[in-house]
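Following: one structure in structure tokens, then a few remarks.
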Amino acid sequence: MAITFSTGDLAQATKTSRQGKEARPTLRSTLTGWAFCGPATLVILGLSVFPAGWAFVLSLQKNDLITPSVNVGFSNYQTLAQDPDMFAAAWHTLFYALMYVPTSVLGGLLLAIALNRPIRFQWFYRTCIFVPFVASAAATGILANFVFDEKFGAANNLLRLLHLPQQGFLTDTHQAMMVIVIISLWGSIGFCVLTYLAALQDISQDIVDAALVDGANKWQVFRHVTLPELGPVTVFTTVWQMIAAIQLFDLVFTTTKGQPLNSTVTLVFYLYRMAFMEFKAGYASAIAYVIFAITMVLTLFMVWYGKKTKVEAF
Amino acid sequence: MLTSACGESSGPAGPSTKVVTIDDIKPGTTVDITWWHGQTSDAARLLGRLAREYEKAHPGVTIKDSAGASTTDELLTKLQAGFASDTYPDISYAYGSWVAKLGSSGRSLDISPLINAAPEAWAEFPEAARQTATVGDRIVGMPAVNGNLAVIYNRTLLKKAGLADPSPDWTWDDFRAYAKKLNDPAHKISGTAYSVAGNEDTTWHLWPQLWQNGGEVLDTSGMPAFNSDAGVEALEFWRSMAQDDKSVYLDQNGEKYGQMFNAGSIAMQITGPWVLYDLKKLKMDYGVQVLPGTDGDHQTVGGFDMWTLFDHSDTNKAAVAYDFVKWLTAPEQDVRWNVANGNLPLRSSAGNTPEFAQYVADFPGADVFFANMGNAKKPRPTVPGYQAMSVEVGKAISEVLLGAKDARTALDEAAKASEAELVN
């Protein structure tokens, strides 16, 4: 049975009639418009566009922000293309993103569905899931440090009680990144749950009722009504979480500082290390531009994908 | 009196300023200087009071004192931002390892002409402190805080393990035997600790043994020399403690071992006098002993933080800034600031003052750190590439202690990787 609801024709009709009434903007309205968006534009220009431009200039220099700089053209980018540490950092970031993004989006969806049902103490569960998101990542990281400490942490104590073998956690090169994924999930799944909860509550009961009247069962309602309605939110949270994954820094900084054996050095942590530990601000700016390019490509792909599949998230 | 001096040789592209002394400033002239002292709470208030006192004695002078950044570590970032926007202070607190970079910034003030005019006070500072402040033929700061590494042990845990307090002539073999005996996995007690965070804290802990074994960090041409047999032996010593004895807690981010020592989970730590204040608050039964020795050499590494001075092409500002720092670091003020605050005095001559006697009574073991100043014979290299080299060495140490590489390979790799940084 096909359940289709077409809203496209209506939207098209509204658009056409609005276009007809549109008047040429007067000088006065233009000025009013700029008066509204001018301050925000200045803030964005000053705090985002200008630093971004300056960072690009920096990326063409050998510059430690202390001694006089030397222009080196694109050699920072050339070095970057052959830097094994950079590739290792990119690989760690990719691994993290592949673990973190799907789990947080899917987990967020499942938890939101569970929490959207009329259950007792619903507010309590919602609060529990959202509180870690409010806590700063720095605090989360410091706390996690003690929980996952190899010798003294609560996690290994628990394993001991359950007669399970002790783990290295953050000190084990194979586990450290996984532990960071778990800590990030704990800290940020509240965000996905919240956006999905809002989207779920936005789904019109009429559509659900109509589907039920047409004879759909619960699974069919979920598959053909709920999921398509959640499409835009899914694209949005995926893009958002992906950007967050690429920018992972604070948790690494407060837990492992890139250790053990650099197995948790992510792109942004590598950037930080270059800029503020090794004083290579020019090289670090080049890394920043590479990260920017990756983020841009991924975001454009997701927007394109959303458009192609007719899921408008932005 | 006029001190004829000019900063023409003041580093690459640096603004040149003719340096005059405070006596040359006409009475009635107002001079404002900015001072980032990097201290918070009690220490900041204490320094503020000293600044007010100086202002009172020097009418016309205003000192704008502030921490400069929320943590001392962030001061460097603030200075970088300050250089970029031309709003840097006249005086800033700086770690010794930053001085070489700051000295070649073209913004630092060369105070050597002033010092050479009246060199007596300068000569009283320990050799290592003077070298830390010197970049090439320029002197860009004066010592602010003095520290060195020694062993602090938990006496309660030693007694429990049936061990006597270590004697001043102990060796690294004794240290290893102590750690092995004190290590108690069942009760989650580690013999000792080493930071494998891979930063300067990781790196500088290796230097004393390198020096004791007859090695050097850099050779005479300024190229890496830490990968000599002496360095390999030092690192191999710690590798065998960490990997074979498993008596070393390897602290991944370098921020835990101090707290764990305070909690009684680590029996001995190699650290500086700055932890004494906390130990006193905890009322812990602890002892301090100089580093274990090699053939009777108990050499340690000293850490001097600095008051670095910056050039604003203003002779009056420069004269006042220098005079203030000179006054602040003079013995009379040093006991009131450093010693009262739990730090070591800057000069060995302070050992005879009543304030110092009170300090030793207040902080048990402070006398050992004080005497240990004599064991801090060599400064860490003050070259601009040190910081980048330190990261490479820190990485090598971590790799070896975690069992991923052998000492020779890791140090050779670190030496090779830091060469490019040291050339410039």
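Just so it is clear, none of the values below were taken in a lab; they were calculated from the coordinates. This structure is a prediction, so every number in the text was calculated from the model and none was measured. Counting neighbours? That spans all protein chains shown, and the Cβs are built from the backbone with ideal geometry, glycine included.
Points worth noting:
- Exposed loop sites, defined as GluC sites (Glu not before Pro) outside DSSP H, G, I, E and B with at most 16 other Cβ atoms within 10 Å, are absent from the longest region of chain A, namely A:23-311.
- Computed FRET value (nearest 0.05) for A:TYR77 with B:LYS188, which takes r as the C-beta separation and R₀ as 45 Å: 0.40
- Seen from a random direction on average, the alpha-carbon convex hull of the protein assembly as shown projects onto 42.0 square nanometres.
- Angle between chain B longest axis and helix B:315-329 axis [Cα atoms, degrees, rounded to 10]: 40 degrees
- For region B:135-182 and region B:249-281, distance of Cα centres in Å: 12 Å
- Between region B:198-229 and region B:307-359, the alpha-carbon center distance in angstrom: 30 Å
- Taken about its Cα centre, chain B carries a charge dipole of roughly 1000 debye when the Cβ of each Lys and Arg holds +1 and the Cβ of each Asp and Glu holds -1.
- Multiplying each eigenvalue of the alpha-carbon gyration tensor of region B:58-201 by 5 and taking the square root yields semi-axes of 42, 20, 14 Å, largest first, rounded to whole angstroms.
- Largest mean-square fluctuation among A:ILE287, A:ILE142, A:ILE189, in a Gaussian network model of chain A whose springs join Cα atoms under 10 Å apart, belongs to A:ILE142.
- Stokes-Einstein D in µm²/s, Kirkwood radius over Cα pairs - region A:165-303 at 4 °C with 1.567 mPa s viscosity: 72 µm²/s
- A:PHE124/B:THR315 FRET efficiency (R0 51 Å; Cβ-Cβ; nearest 0.05): 0.15
- Angle in degrees between helix B:172-182 and the longest Cα principal axis of chain B, rounded to the nearest 10: 60 degrees
- Cleavage-rule hits, trypsin sites (Lys or Arg not before Pro), region B:228-310, DSSP coil, Cβ neighbours within 10 Å at most 11: B:LYS283
- In a reduced charge model with +1 at each Lys and Arg Cβ and -1 at each Asp and Glu Cβ, region B:254-331 shows a dipole moment near 360 debye about its Cα centre.
- Viscosity 1.567 mPa s, 4 °C: Kirkwood-radius Stokes-Einstein D of region A:201-271 over Cα pairs, µm²/s: 84 µm²/s
- Cα-based reach from A:LYS62 at 18 Å (exclusive), listing aspartates and glutamates while leaving out same-chain residues under 8 positions away: A:ASP83, A:GLU278, B:GLU419, B:GLU421
- The long axis of helix B:407-423 is offset from the longest Cα principal axis of chain B by roughly 10 degrees.
- Taking only the Cα atoms of chain B, the ratio Rg/Rh comes out at 0.98, with Rh defined as the Kirkwood radius.
- Distance between region A:245-314 and region A:104-136 - C-alpha centres, whole angstrom: 28 Å
- For region A:129-144, the Karplus equation 6.51 cos²θ - 1.76 cosθ + 1.60, evaluated at θ = phi - 60°, returns couplings of 6, 8, 4, x, 5, 6, 5, 5, 4, 5, 5, 4, x, 5, 4, 4 Hz by residue, with Gly and Pro reported as x.
- With a cut-off of 11 Å between beta carbons, the residues surrounding A:GLY282 carry a summed charge of +1, where Lys and Arg count +1 and Asp and Glu -1.
- With the Kirkwood sum run over all distinct C-alpha pairs, chain A has a hydrodynamic radius of 23.4 Å.
- Along its principal axes, region B:73-151 has C-alpha extents of 40, 37, 18 angstrom, given from the largest down.
- Cα gyration tensor shape of region B:169-302, rounded if a/c is under 1.5, else prolate or oblate by comparing a/b with b/c: prolate
- Semi-axes of the equivalent ellipsoid of region A:32-123 are 41, 28, 10 Å, computed as sqrt(5λ) over the eigenvalues of the C-alpha gyration tensor in descending order.
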